[in-house]
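The values are calculated or read from the model by the stated rules, or taken from the named source; none is laboratory data. Computed from a predicted model, the values in this text were never measured in an experiment. All Cβ positions, even for glycine, are placed from backbone atoms using ideal geometry, and neighbour counts span all protein chains on display. Note: accessible area is taken over every heavy atom of the protein model, side chains too, but ligands, DNA and RNA are not part of it. Shrake-Rupley method; radii C 1.70, N 1.55, O 1.52, S 1.80 Å.
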2 protein chains.
Amino acid sequence: MLTPPDTDPLTPEDRTLMGPGPSEVHPRVLRVMSAPLVGHLDDSFIEIMDEVQELLRYTFQTENRWTIPVSGTGSAAMEAAFANVVEPGDTVLVPTNGYFGGRMASMAERAGGEVAYVEAPWGEPLDPDAVADAFHQHDPDVFGFVHAETSTGALQPNVPALTDIAHDNDAYVIADTVTSLGGVELRVDEWGIDVAYSGAQKCLSCPPGASPLTLSDRAMEKVLDRDSEVRSWYLDLSLLEGYWGDERSYHHTAPITNVYALREALQLVAEEGLEARWERHREMATHLKEGLETLGLELNPEDEYWLPSLNAVRIPEGIDESALLRDMKEEHNLEVASGLGDLDGEIIRIGCMGYSARTSNVELVLHALEDALRKQGYEP
Amino acid sequence: MLTPPDTDPLTPEDRTLMGPGPSEVHPRVLRVMSAPLVGHLDDSFIEIMDEVQELLRYTFQTENRWTIPVSGTGSAAMEAAFANVVEPGDTVLVPTNGYFGGRMASMAERAGGEVAYVEAPWGEPLDPDAVADAFHQHDPDVFGFVHAETSTGALQPNVPALTDIAHDNDAYVIADTVTSLGGVELRVDEWGIDVAYSGAQKCLSCPPGASPLTLSDRAMEKVLDRDSEVRSWYLDLSLLEGYWGDERSYHHTAPITNVYALREALQLVAEEGLEARWERHREMATHLKEGLETLGLELNPEDEYWLPSLNAVRIPEGIDESALLRDMKEEHNLEVASGLGDLDGEIIRIGCMGYSARTSNVELVLHALEDALRKQGYEP
């Protein structure tokens with residue numbers, strides 16, 4: 001027999017989470033995670049499933065029947081979107097303006113799609129004219145865009161300008177709303193988004209593991225009319241339809257506790273009210289932004305595409321970014337994050353999401369950041 | 001604005017879980033699920049990841065470097081095994097003796113494999129002679145079998161007899177250990193299993209959402225030498241290698257809380273000791289089996305392939321199975337399950353897994369079952 005390792009009791013660090021996710025989890029959500037399990041086919045769980053679907057529809061602002069939590073973290077919901085909607089031979093248009101457009105490309109290719117790009121620099125939104133040109137050039141079947149780019153802190157303004165172009169060209173629109181759902185204005189139906197996916201651990205402040213996905217009837221018809229099977233059994237929505245739809249047949253075991261948690265997190269959204277919640281995010285992020293400006297720092301995005309839930313702050317000349325982040329973690333037990341891709345070394349990323357979007361957290365960030373900057377000789 | 005639904009506070013039923021999973025969760029595991037999150041790239045989480053890997057190796061009885069929890073429920077770990085190991089054009093041999101062989105076939109086909117079958121009736125194990133014949137006939141590259149069939153309560157005895165055949169034919173062996181890991185004897189290295197996957201919510205008594213997977217170096221070499229990309233980005237082990245291996249680079253956000261829970265559940269396995277745990281499952285299930293025999297009931301499998309963690313009990317002539325299950329749930333708040341596939345209507349399935357494998361639960365099952373049978377006029 002191989003012998004067991006010698007492990008200590010689990011004592012995770014108690015950090016203040018102000019990075020790009022996970023955000024801090026609301027105590028009520030943590031509490032329901034300790035609830036005993038019921039079976040994934042139990043009547044009482046099916047009722048919980050229904051409630052989660054209702055609450056998700058409200059949070060997405062959609063009446064889409066196909067609105068479910070996918071049994072995995074945000075990237076699983078993302079792949080569920082691409083793997084189901086994209087059929088072999090489809091042309092898929094994706095953006096180049098951040099990390100997650102690249103991930104869309106990889107998922108679309110694995111689904112058998114041909115990828116085309118609409119260009120914009122990292123940290124900037126897509127220009128509708130560039131999207132129209134790309135449609136003219138590539139005639140895509142599916143168009144993916146990122147509503148709130150976690151890697152750059154840029155918000156895509158005027159979403160209907162993009163979805164109109166897609167629909168005029170009979171294409172389907174997939175929106176990455178990982179860092180916007182429940183934090184910044186998002187109206188799936190009104191804005192003409194066909195498919196949207198998100199994560200639990202951003203503005204919903206819920207542990208990751210069950211991830212929001214919604215599809216319009218039109219998009220779901222494409223999925224159900226596919227000529228070839230979806231390349232993932234686990235994420236095949238035509239099978240998941242049996243479990244989350246009227247039939248309630250067994251497909252796979254749902255992550256029961258994560259569904260409990262998501263329900264509680266969404267109930268908190270409903271209690272606060274979506275518009276009040278968007279406003280709270282904007283207020284707290286404004287407080288942060290003003291404090292950063294007082295420190296002489298500036299955000300990377302222009303005001304018109306500033307993303308309140310994820311603030312990309314330009315690092316001043318001569319500052320050692322990794323020492324900055326290490327100091328904030330070691331001295332203040334605070335998590336913020338470095339940049340990614342084209343903005344690596346140029347920005348730090350400060351989240352302002354869900355339960356983390358509160359005054360005490362914002363003030364700790366400003367205090368810790370000032371402290372860490374002064375250590376490197378920076379004078380605000 | 002669409003208005004929020006009117007939902008009540010979450011109050012899941014408190015059932016005694018003696019079905020095919022989920023089993024009841026140990027209070028210590030429930031407790032760690034309320035721990036605050038740390039970031040998925042935090043040093044302290046990386047330490048937890050290492051510990052989970054060590055504890056999983058012990059539980060699988062393997063020294064495989066590639067031993068990780070997959071970020072999804074058991075079927076995600078299953079698909080990770082098939083989607084990575086099976087390349088387009090590979091022949092994959094799967095069994096016909098239960099529900100999960102069928103799922104293997106579907107996953108193998110979606111990965112681009114050609115499926116061949118080795119036959120055995122539902123509820124019976126594979127005969128090594130039949131496996132040898134199937135190898136002779138189909139020359140498969142990959143051979144999947146189910147160590148503990150949750151749908152039929154049959155244990156595959158003498159696993160090395162099967163893996164020897166596969167290795168003599170240069171094939172890779174994938175074992176479904178969903179209902180055996182941590183409950184019945186399983187020795188991945190000693191038995192020559194190349195890839196094994198499992199679920200958290202069976203004999204580990206952990207909420208589902210992070211699921212054990214282990215691959216030998218030989219199997220991982222096949223994965224890393226693939227000509228074509230894995231068809232799922234989320235489950236691509238060549239990318240996950242970056243996160244769970246030495247590099248610790250970002251791939252996707254791990255289901256942090258589920259990883260905490262799995263660590264605690266595995267630590268409970270280590271504290272009890274694997275052999276003592278196997279013995280406890282056997283003892284508790286023997287107690288159940290003897291009680292069933294006293295009631296005049298019999299198990300579907302022969303003794304030599306009886307699966308202590310999942311007991312398939314034949315329904316006596318004239319008994320209405322759904323009324324039986326309903327009575328046990330309504331009168332005793334107890335979950336056991338019906339049969340599936342070829343055994344639907346012929347058996348009920350009583351789990352005896354993890355924290356549920358204890359005297360009080362076994363006695364409740366016997367009492368509730370007798371009660372429900374007598375209501376239908378059955379006299380033991």
Conditions (1) open to solvent by 40 Å² or more (accessible area, probe 1.4 Å); (2) in contact (Cβ under 8 Å) with a residue 40 or more places away in the chain; (3) β-branched (Val, Ile, Thr): number failed by B:Thr286 = (2)
Given the conditions (1) more than 30 Å from B:Leu56 (Cα to Cα); (2) charged (D, E, K, R); (3) in contact with a helix residue (DSSP H, G or I) (Cβ under 9 Å, 6 or more places away or on another chain), every one holds for A:Glu13 apart from (1)
Residue set B:Ala276, B:Ala261; condition in a helix (DSSP H, G or I) and either open to solvent by 30 Å² or more (accessible area, probe 1.4 Å) or free of Cβ contacts under 8 Å to residues at least 24 places away in the same chain (or both); output residue B:Ala276
Which members of the range B:49-76 meet the condition of being at the interface with chain A (Cβ under 7 Å from one of its Cβ atoms) and within 22 Å of A:Ser71 (Cβ to Cβ)?
-> B:Ser71, B:Gly72, B:Thr73, B:Gly74, B:Ser75, B:Ala76
How many residues, within the range A:322-354, are part of a strand (DSSP E or B) and in contact with a Leu (Cβ under 8 Å, 6 or more places away or on another chain)?
-> 8
Please verify whether the range A:202-215 includes one or more residues that are away from every other protein chain (no Cβ under 12 Å), under 24 Å from B:His252 (Cα atoms) and assigned to a loop (DSSP other than H, G, I, E, B).
-> yes
Does B:Arg31 satisfy the condition of being within 9 Å of chain A (Cβ to nearest Cβ) and among the charged types (D, E, K, R)?
-> yes
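Please specify each residue of the range A:289-315 satisfying the condition of being of a type in the set (S, T, N, Q) and either open to solvent by 10 Å² or more (accessible area, probe 1.4 Å) or assigned to a helix (DSSP H, G or I) (or both). Step through it out loud before you land on a result.
Going residue by residue through the range A:289-315, those that are of a type in the set (S, T, N, Q) are A:294, A:300, A:309, A:311.
Scanning the range A:289-315 gives A:Thr294, A:Asn300.
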In the range A:259-279, what residues are out of contact with any Cys (no Cβ under 7 Å at 6 or more places or on another chain) and at the interface with chain B (Cβ under 9 Å from one of its Cβ atoms)?
-> A:Tyr260, A:Arg263, A:Glu264, A:Leu266, A:Gln267, A:Val269, A:Ala270, A:Glu271, A:Gly273, A:Leu274, A:Glu275
Residue that is surrounded by the fewest Cβ atoms within 10 Å (Cβ to Cβ), among those in the range B:215-251 that are under 16 Å from A:Thr73 (Cα atoms) and without any contact (Cβ under 8 Å) to a residue 60 or more places away in the chain = B:Leu239
Residue in the range A:183-192 that is farthest from A:Gly209 (Cα to Cα), counting only those that are surrounded by fewer than 24 Cβ atoms within 10 Å (Cβ to Cβ) and within 12 Å of another protein chain (Cβ to nearest Cβ) | A:Glu190
For the subset of the range B:244-258 comprising residues that are assigned to a helix (DSSP H, G or I) and under 17 Å from B:Thr67 (Cβ atoms), which member is nearest to the other protein chains (Cβ to nearest Cβ)?
-> B:Asn258
Examine the range B:165-182 for a residue that is at pLDDT 95 or above, within 13 Å of chain A (Cβ to nearest Cβ) and under 18 Å from B:Leu126 (Cα atoms), and state whether such a residue exists.
-> yes
Can you find a residue in the range B:125-135 that is crowded, with 17+ Cβ neighbours inside 10 Å, in contact with a strand residue (DSSP E or B) (Cβ under 6 Å, 6 or more places away or on another chain) and either within 14 Å of chain A (Cβ to nearest Cβ) or at pLDDT below 95 (or both)?
-> no
Exception for A:Val173 within (1) touching a helix residue (DSSP H, G or I) at 6+ places or on another chain (Cβ under 8 Å); (2) assigned to a loop (DSSP other than H, G, I, E, B) falls at (2)
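The rows are residues; the columns are (1) surrounded by 24 or more Cβ atoms within 10 Å (Cβ to Cβ); (2) touching an Asp or Glu at 6+ places or on another chain (Cβ under 9 Å); (3) of a type in the set (Phe, Trp, Tyr).
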| residue | (1), (2), (3) |
| --- | --- |
| A:Glu149 | yes, yes, no |
| A:Pro157 | no, yes, no |
| A:Thr163 | no, yes, no |
| A:Ala171 | no, yes, no |
| A:Val178 | yes, no, no |
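Having 2 or more residues that are surrounded by 24 or more Cβ atoms within 10 Å (Cβ to Cβ), in contact (Cβ under 8 Å) with a residue 40 or more places away in the chain and under 21 Å from the mean Cα position of the chain (by Cα) is the bar; report the helices (runs of 4 or more DSSP H) wholly within the range A:8-112 that clear it.
Helices (runs of 4 or more DSSP H) meeting the threshold: A:43-60, A:74-85, A:99-110.
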